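To start, the structure itself, in structure tokens.
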Amino acid sequence: MTPSVIDKLANVQINELATSSSPNLQKNLSILSPDQIELAKMLLEMGQDHLFENWRDPGVEDNEKIAFLDQVALLNSSYPGGLTSYIKTARELLADSKAGKNPFDGFKPSVPSGENLTFGDDNFIKYEETGVEQVQKAVFVLVAGGLGERLGYNGIKVALPLEMTTGTCFLQHYIESILCLAEASCKQTQGECRRDVPLVIMTSDDTHARTLQLLESNAYFGMKPTQVKLLKQEKVACLADNDARLALDPNNMYRIQTKPHGHGDVHSLLYSSGLLKEWKDAGFRWVTFFQDTNGLLFKVIPAALGVSATKNYHVNSLAVPRKAKEAIGGITRLTHADGREMVINVEYNQLDPLLRATGHPDGDVNCETGYSPYPGNINQLILELGPYIDELSKTGGAIKEFVNPKYKDSTKTAFKSSTRLECMMQDYPKTLPPSARVGFTVTDPWLAYAPVKNNPDDAAKVPKGNPYHSATSGETAIYRCNSMILRKAGVKIDDPVSEVFNGQEVEVWSRVVWKPKWAATYADVKRKVSGNNNYISQKSTLVINGRDVHIEDFSLDGTLVIDSVDDAEVKVGGLVQNNGWTIESVDKDDTTLPEEVRIRGFKINKVEQLEKCYSKPGKYSLNP
Ligand code: UGB
């Protein structure tokens, strides 16, 4: 545009604003560009005059005013439909909230049907095999924009070790699992695949730089950098009152307060990035979403992909049996008198009142299995790419939002602090037609779910019998799961002992840890364990860092660490006995210890071990 056209446009807009309710803005129009004036006009039209109320005269704090409109431009462009749409939706949702309207009014809940997997049975093995085949057609999406305030950890959560025996961090474990499953997938289909399985990581301003740095300083943990894409979510504007007036930062009148919008952003980001189409053109079929700190997830991903492929699920939510009122959402079928129907996650604080209001006077209660009949959503979703693209083409990736203001009193006229709209990735099915194939896959919690979300103090307050979801339980769950898998494969493993760390009583099993390249599936474990005389004592630690390691008639009472290159075939038998590695309780408030140790309440004391390293190709036998 030539300067004269810009001047004209500015003049028109200045005239339009001349009668505006914001004299301070009017005075400053000369320092703003036409685009900035357009944004300011939109704000006034949306009843946001207060944002300019304290603007100083032109010449004073002009850079701050420009920065303010730059921020408005970003908030406007990063929200589907822009700020106008954000403010309109906020007004509607705030009015509903004030009126106490339940978003599920008129819906009747019932228990949906899905697939229940029992680890290691024929059905599980069949699904796992089908799933491995599908991995080469899958893309993986990790939502990692959350700061983890509940955990109270200062770093990014994906950098946390999932266990301290090897110190492997979550991101490394996820990437290695994906690489191994993709390789197994290629092998199973006689190497026909020609593409790299992509990984997308959704970050936020809180996590982006540190996630990138973690990847770069570790050579992307073995992935090609081109395989990994980071998509950064933006925060959304905070709302000061029921009229959805945007909240200014109390320390800076030229800055709108912002807060995270939630993991639901992943859908609009994927849509606007153009990646979905790219993947479809490249022949991918599945999009697998997962959270930042679940060290068990990949134990069940192959079987769950198998369920998706076998049942042609457009949406497959992974779930675990859930204790009634446990603080995770329940997967529920909702049926409306007007014919609407959906299978959706209902958050735990909404499920109980909804049941009570619809003819279940006791609300959410355990049934004869000892669990609620509504399976617990663990927020790992597998979507079929084709129907996903079709749906997002209609919605642009916008997900039904909610608002959760904390009111000052029962008049519900003022908030204790500003609020904002939020959205959750598992609400994606809310806009799907009833014909969509929405299902779920339930697995044992010991196999699939051990998130690290709660700080030690909150975890210690969890009602007895409910999971802690802490760093302590996250790590001990890895040992329990690996021990149970080996048990199923025929290894005799001692029962665990019960110990208390950071005020949480946990089962301590033998510390068995292996790299995904040793076994990415149960079928791999079965192939690599043979003989009827394998035994691991409770005090033992077994670390397998090698691909071709075979355990046969082997007894361990102490610590054995095996490192081997891919072409080294190692047979492990006989008896290894030493003082091993012990678990030592630590004080969570001992600031001389690293934070990742304190949040677990224990450390690994490496007293004695047998360490074997096979760095050259060949056939070896470890039989001391
Ligand atoms: N996340 C983002 O990427 N961006 C955000 O803005 C926020 C989060 P939380 P939440 O596993 O038991 C979910 O905070 O949202 C990422 C389900 O909603 O750990 O309280 C973040 O980095 C709930 O139904 O969990 O609860 C992390 O990877 C239940 O399944 C992920 O989103 C619960 O998880 C989840 O964020 C659970």
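Quick look at the numbers
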{"quantity": "Of all residues in the stretch 206-217 being outside any helix (DSSP H, G or I) and modelled with pLDDT of 95 or more, the one that is surrounded by the most Cβ atoms within 10 Å (Cβ to Cβ)", "calculated": "207"}
{"quantity": "Whichever residue in the stretch 336-353 is within 16 Å of the ligand (Cβ to nearest atom) and closer than 18 Å to residue 323 by Cβ and, among such residues, is surrounded by the fewest Cβ atoms within 10 Å (Cβ to Cβ)", "calculated": "349"}
{"quantity": "Tally of residues being closer than 29 Å to residue 83 by Cα, open to solvent by 10 Å² or more (accessible area, probe 1.4 Å) and within 16 Å of the ligand (Cβ to nearest atom) across the stretch 273-294", "calculated": "2"}
{"quantity": "Test: residue 332 is among the hydroxyl-bearing types (Ser, Thr, Tyr) and farther than 16 Å from residue 112 by Cβ", "calculated": "no"}
{"quantity": "Among residues of the stretch 300-334, those that are within 16 Å of the ligand (Cβ to nearest atom), under 20 Å from the mean Cα position of the chain (by Cα) and outside any strand (DSSP E or B), counted", "calculated": "7"}
{"quantity": "Test for residue 554: is it free of Cβ contacts under 8 Å to residues at least 24 places away in the same chain, open to solvent by less than 20 Å² (accessible area, probe 1.4 Å) and within 30 Å of residue 187 (Cβ to Cβ)", "calculated": "yes"}
{"quantity": "Single match in 449, 374, 428 (criterion: within 15 Å of the ligand (Cβ to nearest atom) and touching a His at 6+ places or on another chain (Cβ under 7 Å))", "calculated": "428"}
{"quantity": "Residue match in the stretch 285-297 (condition: of a type outside the set (S, T, N, Q), in a loop (DSSP other than H, G, I, E, B) and over 30 Å from residue 463 (Cβ atoms))", "calculated": "yes"}
{"quantity": "Residue that is farthest from residue 275 (Cα to Cα) [pool: residues in the stretch 183-214 that are within 15 Å of the ligand (Cβ to nearest atom) and acidic (Asp, Glu)]", "calculated": "206"}
{"quantity": "Candidate set from the stretch 234-261 (those that are open to solvent by less than 20 Å² (accessible area, probe 1.4 Å) and within 16 Å of the ligand (Cβ to nearest atom)); member that is nearest to residue 68 (Cα to Cα)", "calculated": "237"}
{"quantity": "Subset of the stretch 493-544 [in contact (Cβ under 8 Å) with a residue 60 or more places away in the chain and under 27 Å from residue 128 (Cα atoms)]", "calculated": "511, 513, 515, 516, 517, 520, 521, 522, 523, 524, 543"}
{"quantity": "Residue check for residue 220: in a helix (DSSP H, G or I), away from the ligand (no atom under 12 Å from the Cβ) and open to solvent by less than 60 Å² (accessible area, probe 1.4 Å)", "calculated": "yes"}
{"quantity": "Some residue of the stretch 239-257 being under 29 Å from residue 76 (Cα atoms), in a loop (DSSP other than H, G, I, E, B), of a type in the set (S, T, N, Q) and touching a helix residue (DSSP H, G or I) at 6+ places or on another chain (Cβ under 6 Å)", "calculated": "yes"}
{"quantity": "Residue ID - most open to solvent (accessible area, probe 1.4 Å), chosen from residues in the stretch 161-177 that are away from the ligand (no atom under 12 Å from the Cβ), of a type in the set (A, V, I, L, M, F, W, C) and out of contact with any Gly (no Cβ under 7 Å at 6 or more places or on another chain)", "calculated": "164"}
{"quantity": "Inter-residue pairs, beta-carbon under 8 Å, first assigned to a loop (DSSP other than H, G, I, E, B) and in the stretch 158-184, second open to solvent by 10 Å² or more (accessible area, probe 1.4 Å) and modelled with pLDDT under 95, 6+ apart", "calculated": "160/153"}
{"quantity": "Single condition residue 386 does not satisfy, out of (1) surrounded by 15 or more Cβ atoms within 10 Å (Cβ to Cβ); (2) not in a strand (DSSP E or B)", "calculated": "(1)"}
{"quantity": "The lone exception for residue 123 - which of (1) in contact with a strand residue (DSSP E or B) (Cβ under 9 Å, 6 or more places away or on another chain); (2) more than 22 Å from residue 379 (Cβ to Cβ); (3) outside any helix (DSSP H, G or I) it fails", "calculated": "(3)"}
{"quantity": "Criterion (at negative phi, touching a residue at least 60 places away in the same chain (Cβ under 8 Å) and β-branched (Val, Ile, Thr)) met by exactly one of 607, 576, 565, 597", "calculated": "597"}
{"quantity": "Members of the stretch 412-440 found to be within 13 Å of residue 317 (Cα to Cα) and either touching a Pro at 6+ places or on another chain (Cβ under 9 Å) or open to solvent by 50 Å² or more (accessible area, probe 1.4 Å) (or both), listed by number", "calculated": "437, 438, 439, 440"}
{"quantity": "Residues within the stretch 562-582 that are of a type in the set (Val, Ile, Thr) and open to solvent by less than 10 Å² (accessible area, probe 1.4 Å), tallied", "calculated": "4"}
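Here's the yes/no breakdown for (1) open to solvent by less than 30 Å² (accessible area, probe 1.4 Å); (2) in contact (Cβ under 8 Å) with a residue 12 or more places away in the chain; (3) assigned to a helix (DSSP H, G or I); (4) touching a Lys or Arg at 6+ places or on another chain (Cβ under 9 Å):
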position: 37; (1), (2), (3), (4): yes, yes, yes, no
position: 41; (1), (2), (3), (4): no, yes, yes, no
position: 51; (1), (2), (3), (4): yes, yes, yes, yes
position: 66; (1), (2), (3), (4): no, yes, yes, no
position: 70; (1), (2), (3), (4): no, no, yes, no
position: 74; (1), (2), (3), (4): no, yes, yes, no
position: 79; (1), (2), (3), (4): yes, yes, no, no
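The values are calculated or read from the model by the stated rules, or taken from the named source; none is laboratory data. None of the values given here were measured: they were computed from a predicted structure. Note that we place each Cβ from the backbone using ideal geometry, even for glycine, and neighbour counts take in every protein chain shown. These accessible areas exclude ligands, DNA and RNA; they are computed on the full protein's heavy atoms, side chains included. Shrake-Rupley method; radii C 1.70, N 1.55, O 1.52, S 1.80 Å.
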